[in-house]
Each structure stands twice: as C-alpha cells, then as structure tokens.
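These notes are about the structure you will find just below.
The values are calculated or read from the model by the stated rules, or taken from the named source; none is laboratory data. The structure displayed is predicted, hence computed values, not measured ones. Cβ placement follows ideal geometry from the backbone for every residue including glycine, while neighbour counts extend to all protein chains displayed. Just the protein is used for accessible areas: all its heavy atoms, side chains included, with ligands, DNA and RNA removed. Shrake-Rupley method; radii C 1.70, N 1.55, O 1.52, S 1.80 Å.
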Amino acid sequence: MERLQKYISECGVCSRRKAEELIVNGKVKVNGIVVKELGTKVSGEDVVEVNSKVIKNDLKEYYLLYKPRGIISSVADDKGRKTVVDLIKTKTRIYPIGRLDYDTTGIILLTNDGELSNQLTHPSNDVEKEYMAKVKGFFKKEDAIKLSDGVVLDGVKTKKALFKLKRYDKKTDSSYVRVIISEGRNHQVKNMFQVLGYDTLKLKRERYAFLTLDGLKSGEYRNLSIKEVKQLYSLK
C-alpha cells in the first residue's frame, strides 16, 4: 500500500504536488469513488482514475539517449518534428527528464518513473551537468571567472558553476569551453554566455551526474542498469 499521490506520480501522470491538487479538487477516483483525502492509500489491485482516465503503474523503464541535433526534447511536437521519444523503441509511455534545446546534443534521460524525474529536476538537488560549448571569439579568463561566480538571468543570480577554456581555434575564431552547472533553467548555458557577449555556436551535454556518453553514437541509446537507477535516487 502507498499514498495515492505517490502512486499517481509513479504512474508518470504528473508530479506528486500536482497529484495532491488533483485529489483535493475531486479529479481522482479510487474504485469508482471520488477521493479527496491526501492520506488515502492504494495498492496495485485498486482501480485509480485521474480525470476519468484509468492509470496503471507500469514496470519502470529508464533510458540514456545520445540526443542528436534537430530533435525536440518532448513527448510530442505540434509542428510534427521528431522528438526524443520517437528514437526509443518501447510501447511504454515515457518522457524526457528535463530538456535539451533543439540544436543541443548529448545526454538526456527518459523514463516513466515520475518520482525519479521529480527528484532529479527539483531545484534543491543540484544535479551536475557537464557541457562542451563552442563559442564565437576568444573566451577570456576574466569572463570565465565571472560566469563561474554567477551572473544574473531574469533577475536571479545563477549558482556557482565552472567555465574553463579548453582550446582556441584561430582559424575559425572560436573557443571550446568546458561548462559544469547544477541548475536546469531554460537555455541557461547559452544565456550565461550571452550575458558577456558570446554567441554559442555548438553545445553538447557530455555528462549528467555520473552518467556519460561512453559507448554511444549520436542517436543511440541504452537502458540504465539497476545500480545506476539506485545511484540516481541517492543523489542529494
């Protein structure tokens, strides 16, 4: 037996907090009866409906995908473009954890485990993400220090990060910069560079927490091991 809001979240319907709102607002039924008590517990034998749709706690699936350029980080796209979900061969309803921009490549995780998704994307968890960025111009040391210390985006200063020049290509007048952040704001890395006047030409996420792209080519994916899933759950 487990709490109803947790069950709904684990089914991948929404976050636990959103599930609590649905329960309180009378949008959830258990065995045909509207339930508004947050302390209600259910088992796998109970029939749970959310917004008149029966939900099931399917077996959990976890994937690590090497996202190619030009792929949308969502379940579906109203413009008909290919999404990260389209690249995974499964009949299970999975969705990406967080997102990568359309033109950004690299690691993205997909799952039907709402609990893990909520944990990894919660702002308080500080999950490290490492990128290799190609920016126009020579990336100055003083700018690396400024970005590492944090800059203001949308009125809020970014958390401590790491920006370090790896090499400069004179022929193309472009710099390759290693970036490590622990936040997940929209377009964060690109926007941070833009604050100091650098245009991001390419961006690749090479690491998510302890997970890397080792052994994968662009467009390929693999299942996460049980050990890796447990490690992700242990991140604080």
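The antiparallel fraction among DSSP beta bridges confined to the range 28-118 stands at about 95%. Largest accessible area first, the residues THR40, THR121 order themselves as THR121, THR40 under a 1.4 Å probe with ligands, DNA and RNA left out. Spatially, the range 191-236 and the range 106-170 are offset by 11 Å when compared through their Cα centroids.
Within straight-line reach of LYS227, meaning a Cα separation under 21 Å, sit the following lysines at least 8 residues removed in sequence or on another chain: LYS60, LYS129, LYS236. Mean residue ellipticity, 222 nm, helices only, the chain: the sum of -39500 (n - 2.57) across DSSP H runs of n ≥ 4, divided by residue count and rounded to 500, is -6000 deg cm²/dmol.
Take the chain with all the other protein chains still there, run a 1.4 Å probe, and you get 56 Å² of accessible area per residue.
Size check on the range 1-95: the Cα extents along the three principal axes, sorted descending, read 46, 25, 20 Å.
Tell me, what is the percent relative contact order of the chain, built from C-alpha pairs under 8 Å that lie six or more residues apart? Normalised by residue count, the contact order of the chain is 20 percent.
Put simply, the Cα atoms of the chain extend 68, 37, 37 Å along their principal axes, the longest span coming first. The residues packed around LYS202, meaning those with a beta-carbon under 9 Å from its beta-carbon, carry a net charge of +2 if Lys and Arg are +1 and Asp and Glu are -1. With r as the distance between the Cβ atoms of ASN223 and LEU165 and R0 = 25 Å, compute the FRET efficiency 1/(1 + (r/R0)^6) and round to 0.05. With a Förster radius of 25 Å, E is 0.10. Phi angles of the range 131-148 translate, via the Karplus equation with coefficients 6.51, -1.76, 1.60 and θ = phi - 60°, into HN-Hα couplings of 10, 10, 10, 10, 10, 6, x, 8, 7, 6, 4, 5, 6, 4, 5, 4, 5, 5 Hz per residue; Gly and Pro are given as x. At an R0 of 41 angstrom, the distance between the Cβ atoms of GLN194 and GLU45 translates into a FRET efficiency of 0.15. Apply the a/c threshold of 1.5 to the C-alpha gyration tensor of the range 116-158 and tell me whether it is rounded, prolate or oblate. Judged from the Cα gyration tensor, the range 116-158 comes out prolate (a/c at least 1.5, a/b above b/c). Here the relative contact order of the range 127-236, from alpha carbon pairs under 8 Å that lie six or more residues apart, stands at 35 percent. By accessible area, using a 1.4 Å probe on protein heavy atoms only, the chain has 49% of its surface on carbon and sulfur. Label separation (ASP173 vs ARG93): 5.1 nm, computed from points 7 Å beyond Cα along the C-beta direction. In order along the range 206-221, the Karplus-derived 3J(HN,Hα) couplings, from 6.51 cos²θ - 1.76 cosθ + 1.60 at θ = phi - 60°, round to 9, 8, 10, 6, 9, 8, 10, 8, 3, x, 10, 9, 3, x, 8, 8 Hz, and Gly and Pro are given as x. Placing unit charges on each Cβ (+1 for Lys and Arg, -1 for Asp and Glu) gives the range 150-201 a dipole about its Cα centre, and among LEU201, ASN186, ALA161 the Cα reaching farthest toward its positive end belongs to ALA161.
Extents of the range 133-236, taken as max minus min of Cα coordinates on every principal axis and listed largest first, are 43, 35, 20 Å.
The calculated FRET efficiency for the pair LYS202 and SER74, based on their C-beta separation and a Förster distance of 22 Å, comes to about 0.55.
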